[in-house]
1. Any chance the range A:42-60 includes a residue that's farther than 23 Å from B:Gly331 by Cα, surrounded by 19 or more Cβ atoms within 10 Å (Cβ to Cβ) and away from every other protein chain (no Cβ under 14 Å)?
2. If you go through the range A:73-80 one residue at a time, do you hit one that is more than 9 Å from chain B (Cβ to nearest Cβ), buried (at least 20 other Cβ atoms within 10 Å of the Cβ) and in a loop (DSSP other than H, G, I, E, B)?
3. For the range B:281-385, which fully contained helices (runs of 4 or more DSSP H) count at least 1 residues that are more than 14 Å from chain A (Cβ to nearest Cβ), closer than 19 Å to B:Val415 by Cα and modelled with pLDDT of 90 or more?
4. Tell me yes or no: at least one residue of the range A:92-114 is surrounded by fewer than 17 Cβ atoms within 10 Å (Cβ to Cβ) and among the hydrophobic types (A, V, I, L, M, F, W, C).
5. Is it the case that B:Ile376 is under 25 Å from the mean Cα position of the chain (by Cα) and not small (Gly, Ala, Ser)?
6. Among the listed residues B:Ser219, B:Ser245, B:Ser223, identify the single one that is under 30 Å from B:His180 (Cα atoms) and in contact with an Asp or Glu (Cβ under 7 Å, 6 or more places away or on another chain).
7. From the list B:Ile110, B:Ile146, which residue is outside any helix (DSSP H, G or I), at pLDDT below 90 and surrounded by 16 or more Cβ atoms within 10 Å (Cβ to Cβ)?
8. If I filter the range B:38-77 down to residues being aliphatic (A, V, I, L, M) and either part of a loop (DSSP other than H, G, I, E, B) or modelled with pLDDT under 80 (or both), which single residue comes out as farthest from B:Phe411 (Cα to Cα)?
Amino acid sequence: MRLAASTRNLTKEYVLDGETVRALRGVSLDVPEGDWVAIMGASGSGKSTMLNLFACLDRPTAGTIMLGDDDVSKLNDDQLSEIRASRIGIVFQSYNLIPQLTVIENIEVPLYYQGIYSSKARKRCIDLAAMVGLADRLKHRPTQLSGGQQQRVAIARSLVNDPYFILADEPTGNLDSATTEEILQLLEKLNNDGKTIIMVTHEPDVGDRTKRIVRLRDGLVISDRPTGGDCSTEHDDD
Amino acid sequence: MAFWLRTWQLGVKSLLLHPLRSLLTVLGIFIGVASVIWLLAIGEGISQKAQEQIAELGADNIIVRTIKPPSEVMDTGSSGATPYGITRDDFDRLTQTIPTIERALPIREIRRRFSYANRVIDGRLVGCTPEYAEVTRLQMDRGRFITDLDQEHKHNHCVLAANVAERLFPFENPIGRSIHVDEHYYVVVGVAKEKAPSAGIGGSFAAQDFSNDVYIPISTLWSRIGDFIVTRRSSSFEREIVELSQVTLRVDHVDHVMETADLVELTMAEHHRLEDYGVTVPLELLEQAKTTRMMFIIFMGMIAAISLIVGGIGIMNIMLATVTERTREIGIRRALGAKRSDIIRQFLVETIALSIVGGVTGVLAGLTCRGVTGVIRQGLEKAFPEIMEALPPVIQSVEPIVVPWSIPVAFGISVVIGIIFGTYPAMRAAAMDPIEALRHE
């Protein structure tokens, strides 16, 4: 089984006001292709740090992090940027679309930073917009869309570069329950189509929709098990 | 190619997000570029005019002119008048001792009132020789200039400048008529064409105006009027004894002008205790005018450069604000794969786009300076006629001449300013930590 991502003894330390904060103290985790993992934990547990490392926005202090077969632990800023542009799809809590760009242009951004700009690429963006149900909103700007629609644009954008995995940071945090359901169904569908999803969330209901829940506390993995069955007891951790 | 097109397109799109802000930023560069072109064009116009006027004096001429010394240093003779200025002896000395002088032109000028019938005009009565017309490039409209015969027989003949002819004889042909000057009559034998004023000489900055001249043979002037001149002033009479107002010397070759001028100075200095003469060398003036032109260009260039720098600071100010405002966008772009260099490029493209728009519109505005100066001048003449009249004629009549090299230079500087003042904000944007930037509200 191929791995979409894996970490070995992943450690991250920050120096804050002269004091060293150990955000991750040695996390080892394998995410096989096609998996849907929820990383859960209280604030301060290290889940944001995990997300930043998976997103290649940061480098670990020690340990390794592999995306596919690529070791990204030691890459420099430009190399990390290239990986982000070519192999990572991120969905944020607050959508993070660029306000002056249209739907289609927003979806295109990661391709633009890979230097890809062709009619074929544009066709792919249009197909993705159609897939998330926004075929009739291509020329709209983010402010003209509802929260759910914006998040669907973000999901389309995260898919445009054919990433190792979709990295979702509280993707339903800003949405009402009906829209949350829409987005989760969309993610479910993508996962059924074989897309790997790594999702950071603190909502148990959302976590339950995934295939596997990894719980962090104080920078360490305290539990890692598939959802369903007797997982209800673990909700007390939050 | 497509990539760059896209980059520019995105940059323009971001700028159009705040149209007023972008417009005001462009205005700074626009004014800078337009003022570079305008100031240089006006400077060039003035200096060309000045050079033309100096050229009117003739590059191979040396002009010796009588200057009235301050009254306190003059001894008053028995007649209540002091002789001063160039003498007939000076004239003979100069022409006989300096071999490089090809021709010498003695001139005596007196301010007089000319009248015909009931029409009157004040002007200069110029006593001169037949060569005067050629040396001063005076052209005849009708009739002839003074001849050697007039000179020899001290004829009461005169030649009128165009304006005098027009004022005294508005409806008739002046040739053959007699005009009245003091107690004498002079028969008009010719009318000169209009002549552009020449640069001032003999220490005066005012241009020489030839429009109210009446020319008579110098021998006639000497015999009819003499050296002792009484001029009526508002409250008193002014008496003076002057033999020659000016001697225009033509040198045999332009290369000899400077040495001859030195000799003239020496010859004159030997026989004059007072500083009652001045030597003007048009060639020297021409050289000076060229230096002045360079200074003018540097001076104008500096003013324009300051306005461009102010424009640049405006750009930098706006871009710094923009970068702060778009921190989150920078974070998003970094998270989606933008390198630091991509962010720098994005913001630089925006500043350069601003400065190019400012540059292009500034160049276009610069090219209109001829027409606009005319309109402004007309407006000023209507609004403040007295002030305009008080200005030197060079400034009154200046036609800006767009200096061709100023266009690429102004445009180039504007782009360079965009790059210089855009780099710091762009670097600041690129230096942001993407994680921090994403958290920015």
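1. yes
2. no
3. Output list reads B:282-325, B:340-367.
4. Checking the range A:92-114: not a single residue is surrounded by fewer than 17 Cβ atoms within 10 Å (Cβ to Cβ) and among the hydrophobic types (A, V, I, L, M, F, W, C).
5. Criteria met by B:Ile376.
6. One residue alone meets the criteria, B:Ser245.
7. None of the others qualify; the one that does is B:Ile110.
8. Among them, the one singled out is B:Met74.
The values are calculated or read from the model by the stated rules, or taken from the named source; none is laboratory data. Note that the coordinates shown come from a computational prediction; the quantities given were computed from them, not determined experimentally. Cβ sites come from the backbone with ideal geometry, for glycine too, and all protein chains shown count toward neighbours.
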